[in-house]
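A.B. asks: A single structure is presented below for examination.
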Amino acid sequence: MFNFFNRKADPSELTPADLQQRQAAGERLFVLDVREPAEYADGHIAGSKLIPLGRLANHTSGLPQDQPIVAVCRSGNRSSVAQDVLKRAGFTNVLNLRGGMLAWARSGLPIKRGK
């Protein structure tokens, strides 16, 4: 069986609790949701920006270079790919939300519905 939640911490990943704590502390984080619009409307992290993964490579010019970018998807897979896309585009401070929105919801953290 996979030991997903007990695996060694990866410094390029944040847990939902880590992200929530950093936001609550006032840290400027750019939360980038790379899911599809219907998934985003079904529930997302308040303040996040939607750029579906398939469009990301062509839409990096509007992303901040001066603050950490946290990539988010449903489970952490697409956001990991987005992390690689952004690193290849020259972004140096890109983090992946481990477990994605599934882990965020399981943690009982707030979810915004709609656009």
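The values are calculated or read from the model by the stated rules, or taken from the named source; none is laboratory data. Since this is a predicted model, take the numbers as computed values, not measurements. Methodologically, a virtual Cβ is constructed for each residue, glycine included, from the backbone with ideal geometry; neighbour enumeration extends over all protein chains shown. Note: areas computed on protein heavy atoms with side chains; ligands, DNA, RNA excluded. Shrake-Rupley method; radii C 1.70, N 1.55, O 1.52, S 1.80 Å.
A.B. asks: Is one or more of the residues making up segment 86-93 small (G, A, S) and closer than 22 Å to L109 by Cα?
C.D. replies: no
A.B. asks: Do we find that P110 is open to solvent by 60 Å² or more (accessible area, probe 1.4 Å), part of a loop (DSSP other than H, G, I, E, B), on the phi < 0 side of the Ramachandran plot and not small (G, A, S) in this structure?
C.D. replies: For P110, the condition - open to solvent by 60 Å² or more (accessible area, probe 1.4 Å), part of a loop (DSSP other than H, G, I, E, B), on the phi < 0 side of the Ramachandran plot and not small (G, A, S) - is met.
A.B. asks: Exactly one condition in (1) surrounded by fewer than 21 Cβ atoms within 10 Å (Cβ to Cβ); (2) of a type in the set (S, T, N, Q); (3) touching a strand residue (DSSP E or B) at 6+ places or on another chain (Cβ under 9 Å) is false for Q20; which is it?
C.D. replies: Of (1) surrounded by fewer than 21 Cβ atoms within 10 Å (Cβ to Cβ); (2) of a type in the set (S, T, N, Q); (3) touching a strand residue (DSSP E or B) at 6+ places or on another chain (Cβ under 9 Å), only one is false for Q20: (3).
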